[in-house]
Amino acid sequence: MKTTLPQLSGLGLRSPHLPTVLETRPDVGWWEVHSENYFGGGQAVAQLLQIRRDYPLSLHGVGLGLGRLGELDARHLAQLKQLAERVEPSAISEHLAWNHFAGRYFNDLLPVPRVQGVVEHLASHIMQVQDALRRPILIENVSAYVGFAEEIMSEAELMVELARRTGCGLLVDVNNFYVNTLNLGLDAEAELARIPGELVEEIHIAGFEWFEGTAVDTHGAAVSTEVCQLLGNALQRWGHKPVLLERDTQLGSFADLHQEYMQLEQMIKKPQANTCGVYK
């Protein structure tokens with residue numbers, strides 16, 4: 001097992017909601033935070049340790065850039081290791097993305113072209129991270145807005161091959177597969193069917209928004225009915241898995257977000273109800 005997360009739904013914890021969570025200790029199965037927000041230590045980490053005493057916790061990286069050219073950022077990796085040793089998370093995950101080139105960092109999760117040599121390149125970086133952390137990590141698929149002519153495999157096939165080569169686990173983002181269906185004409189259901197359930201350690205769902213005819217993975221809207229349906233089908237295929245609801249923009253009140261979370265929890269208990277996307 002690459003994670004000790006409970007087979008329950010979890011919620012992304014964002015700083016505007018932290019005071020409410022610390023005060024009320026709401027009914028949530030587990031929390032996920034962005035690792036980089038806690039690299040600085042101080043009060044932020046102290047509050048995170050308070051959360052960790054009462055809930056399972058997942059560290060989700062957005063800045064390491066497993067697909068970057070050249071070496072990984074040694075300082076970034078050292079900070080991640082230090083944070084993991086302090087909070088002892090139930091899971092650590094990173095995106096199959098790149099965000100750095102020629103000394104410049106980009107504030108995006110840019111997709112890795114699935115061309116000749118990419119498996120070896122990504123596997124080397126994943127092994128470097130796992131060796132540093134002394135534990136397996138989870139790798140997540142990302143949204144894409146352009147395709148590449150010379151790709152030799154689908155993203156699902158890439159994830160499976162990397163898991164088998166490195167021993168990492170898979171974090172399957174259902175919404176990202178659906179966004180790629182809308183933008184690139186891919187078949188999200190077929191992609192999910194390519195992934196063996198025993199490799200899946202965690203699932204993400206979120207909402208997307210339309211901008212000038214393009215579906216953008218903003219994590220700023222309700223989960224769509226189509227994504228709920230894909231999630232329900234995936235859970236029937238793979239069995240119970242930890243499922244995370246992400247919300248990063250247009251956060252609103254914690255009460256509203258918790259309502260959406262409880263609808264997700266109900267849908268997981270009764271997949272045929274397919275109600276996880278009704279909150280607006």
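The values are calculated or read from the model by the stated rules, or taken from the named source; none is laboratory data. Small disclaimer: the values here were computed from a predicted structure and weren't measured. Using ideal geometry, Cβ is built from the backbone for each residue, glycine included, and neighbour counts are taken over all protein chains shown. The protein model used for the area step is the full one, side chains on, heavy atoms only, and it has no ligands, DNA or RNA in it. Shrake-Rupley method; radii C 1.70, N 1.55, O 1.52, S 1.80 Å.
Give the distance, in whole Å, between the Cα centre of the range 9-49 and the Cα centre of the range 56-90. Here the two parts' Cα centres lie 17 Å apart.
For the range 168-280, the spherically averaged projection of the C-alpha convex hull amounts to 7.1 nm². Tally Lys and Arg at +1 and Asp and Glu at -1 over the other residues with C-beta under 15 Å from the C-beta of Gly167: what net charge comes out? Net local charge, Gly167 excluded: 0.
Calculate, in whole percent, how much of the Cα-Cα pair population of the chain lies beyond 25 Å. It would help to have the intermediate numbers written out before the result.
Working: 16993 of 39060 pairs.
Everything past 25 Å amounts to 44 percent.
Accessible area per residue for the range 9-269, computed on protein heavy atoms with a 1.4 Å probe, is 42 Å².
Where in the range 129-227 are there GluC sites (Glu not before Pro) that are in a DSSP coil and have at most 13 other Cβ atoms within 10 angstrom of their Cβ? Please list the in-between numbers first.
Details: sites: Glu140, Glu150, Glu151, Glu155, Glu157, Glu161, Glu189, Glu191, Glu198, Glu201, Glu202, Glu209, Glu212, Glu226; in loops: Glu150, Glu151, Glu212.
Answer by residue number: Glu150, Glu212.
Between the DSSP loop rule and a limit of at most 16 other Cβ atoms within 10 Å, which GluC sites (Glu not before Pro) in the range 1-78 are left?
Numbers: sites: Glu23, Glu32, Glu36, Glu71; in loops: Glu71.
Here the sparse-neighbourhood loop sites are Glu71.
Do the sum for the chain: with -39,500 (n - 2.57) for every DSSP H run of n ≥ 4, divided by all residues, what is the mean residue ellipticity at 222 nm, to the nearest 500 deg cm²/dmol? Don't skip to the end; give the middle numbers.
Numbers: 9 runs with 109 residues, N = 280.
Result for the chain, helices only: -12000 deg cm²/dmol.
Within 10 Å of each candidate Cβ there may be at most 16 other Cβ atoms; applying that plus a DSSP loop requirement, which trypsin sites (Lys or Arg not before Pro) in the range 170-258 survive? All intermediate terms of the calculation are to be shown ahead of the outcome.
Working: sites: Arg194, Arg237, Arg247; in loops: Arg194, Arg247.
Qualifying residues, ordered by number: Arg194.
When the convex hull of its Cα atoms is viewed from all sides, the range 1-139 shows a mean projected area of 9.0 nm².
Ligands, DNA and RNA left out, the 1.4 Å accessible surface of the chain is 50% carbon and sulfur atoms.
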